[in-house]
Ligand code: NBG
């Protein structure tokens, strides 16, 4: 037993009046800390130090100050016994930490000055940081924006995830094709994290269960696993903007016994370390799939591993405060970020019922009141299902628990709600077709007290289609929280010039209250302001153009319109629709119809899932079109086509500020929300888009006149699909479409392999699941309006200013406030006395 600890006085650290040099924010304090860290943490003298040493010394200097805020916040949560959000997400994309933490601490300038006094360029240090690519795209980035906002407005939170040793692959483009290389974000160590070796949990897999009734007649289930490993916590402190602290706790898998001496003694050296290798595999690599489920055993193990560690951790934290488990839901609101952590429903039941012997009904009540579930996709291929034989092999006890939840649920449906057999089979957690599978979205829905979609349209479609029966049954369970983005990361950090101009004009309150941007609206027609606005865009474009030259060797004139399409490559996002238009423009120029044509640079970036043939072919198509156009002197002063490799948060921050036009052209009903749409618009790009995801609400806010709308809406898409859609009809009736389609397979794009793009051609002509042929004409008409508006630069700039002024709704701070009031019922520090 540990002796009771004496009360430790935190005042030195947390008081606003007592100053400690170690955490001081003046230039001199920062300089002193930096040198101390360089000497004592890194063990270097300036003469022998590398740039990486400098970066790390600065990172430690900043981390100390971030920890101060974190410790202060934790103390407050504990003193005031506050309810905490536990955010469970298999993915995070925080982006580089250094510059963001400097901004949050408000010490960017004094740090740059401190470094300058030492002859060091701070910008160069910032560039050293490898970003943690622990996510595939929007879902992971959203989780990181939410951490930023929770810490900014002061929602007590802890975020849990997986510490993938290798994050999303590095994308190289060779001969126009995507090649994947291992991401090495940890190769020089990670100064932002602290390993908590003492915070670790045993995780079990496989084996069987034994049902026993003890001498008192109590029924219990023992799970006898066939393997065990340990999850260890790695903590990264998160600091909100001039705000509060939070923590991102990532789990790494390790062997319980790292070395098998008996095997070693028998001379089996390989076997001696085999367990270590097998265990560590669990957190080795991120599955690089976007919106596509592969049903792989390792993936299920990853999900269970991090969920179990996280729930065991929450239980530990809860009991540490001297509470009983009956009140777990009063102290924690656990949010499931998509279905990836949905196994948490069964795991919490197991922990409560098996490990803590709480009866089923009470456990179920606690469980349902703890969880909220956010759905992020309607794509059928992304709705997770696990085959029953696989599930039984990996998690035999959870299968029993899920059967039990299902059994009780089906009974309730039948006897309390009088549901038909058909309804029962649609709603059950188990799908009996084939070898049988578990529907994780149903498990998450049944096990949560709230279910939300991520935009108004998506939440409606969720209720109408994917979770229709559930929404009929429990209408109050369903709600919407439209996604948002962090204005700190996506404008303050990414676009310092525009940030400066806005702050100079309306003050700095908008960074924490984005609605204040509306004050810019008065300035939209002011010629001086417009000129400053345009000059900034021009500078940002020149900077991106330098970057493009460096990365691809292609020169882009910054006076061209920058038409930007950056996001994961996916058929539903329709990068190929964009390409068809580019080919159309190319053919027009070749025919001499180019008198009034506006010079345009089409900029693409994004990764394709390594096993996704069509997406990879689309990348090849973009680069092939680029090769054709960029070298053709007849065309290349009017058109440029760029594919920037290896899209990441860092790269995105460079691209958004330079965009004139934002392509948000998914087939309506497919993009749950989109967040790139918001990031581009916040940086002053106008949007060309369909009525999909959050575009709908953006257009409502921004106004139809300032948004280029086109295409079928979700209902029309649905209608067409149910009818007799013949994409070939569009080919026959639309001359422009026919020309580009014919060109696509003419071989001109790939003389070495004339049939290369045939799969795209045939899919569009005979199947066209994403209605590209149907939307082509409308896209061209909308683009014609773009060109017209661009012709009047003052008018375009006015619209750009209005776009920014009306983006207030799309701050992730607003989203977090919505989650807090609708789902978590947690007050922010800001709203507390
Ligand atoms: C993605 C959607 C996007 C949405 C993000 C964040 C998945 C499963 N879904 O439209 O496709 O913006 O989630 O909500 O990655």
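Every number here is computed from the coordinates shown, using simple stated rules; none is lab data. This structure is a prediction, so every number in the text was calculated from the model and none was measured. Cβ coordinates were reconstructed from backbone atoms using ideal geometry, including for glycine residues, and neighbour counts include every protein chain displayed.
Here are the numbers for this structure:
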quantity: Computed over the chain: relative contact order in percent, which uses C-alpha pairs under 8 Å that are six or more apart; calculated: 12 percent
quantity: Considering only the chain, percent of DSSP beta bridges that pair antiparallel, nearest 5; calculated: 45 percent
quantity: Per-peptide average of other Cβ atoms within 10 Å, ordering 39-49, 595-605 highest first; calculated: 595-605, 39-49
quantity: For region 555-586 and region 697-744, distance of Cα centres in Å; calculated: 17 Å
quantity: Simple label model, 7 Å out from Cα along Cβ direction - residue 748 to residue 631, nm; calculated: 1.5 nm
quantity: Inter-label distance, nm, simple model (7 Å from Cα along the C-beta direction), residue 794/residue 357; calculated: 8.2 nm
quantity: Calculated FRET value between residue 194 and residue 411, using beta carbons and R₀ = 41 Å, to 0.05; calculated: 0.30
quantity: Virtual spin-label span in nm between residue 208 and residue 113, 7 Å along Cα→Cβ; calculated: 7.3 nm
quantity: Residue 591/residue 538 FRET efficiency (R0 45 Å; Cβ-Cβ; nearest 0.05); calculated: 0.90
quantity: Förster-model FRET efficiency, 56 Å R0, residue 72 and residue 47, C-beta, rounded to 0.05; calculated: 0.90
quantity: Separation of alpha-carbon centers, region 117-186 and region 360-401, rounded to whole Å; calculated: 28 Å
quantity: Packing rank of 533-545, 479-491, where each peptide gets the mean count of other beta carbons within 10 Å, highest leading; calculated: 479-491, 533-545
quantity: In range of the label at residue 713: residues from region 659-702 whose backbone nitrogen is under 15 Å from the point 7 Å along Cα→Cβ; calculated: 668-670, 690-701
quantity: Estimated 222 nm signal from helices in the chain, with DSSP H stretches of n ≥ 4 weighted -39500 (n - 2.57), rounded to 500; calculated: -13500 deg cm²/dmol
quantity: Euclidean distance between Cα centres, region 277-309 to region 59-89, Å; calculated: 28 Å
quantity: Under 17 Å from the residue 316 label point (7 Å along Cα→beta-carbon), backbone N, region 278-310; calculated: 305-310
quantity: Sorted peptide list for 741-750, 456-465, criterion being average Cβ within 10 angstrom, highest first; calculated: 456-465, 741-750
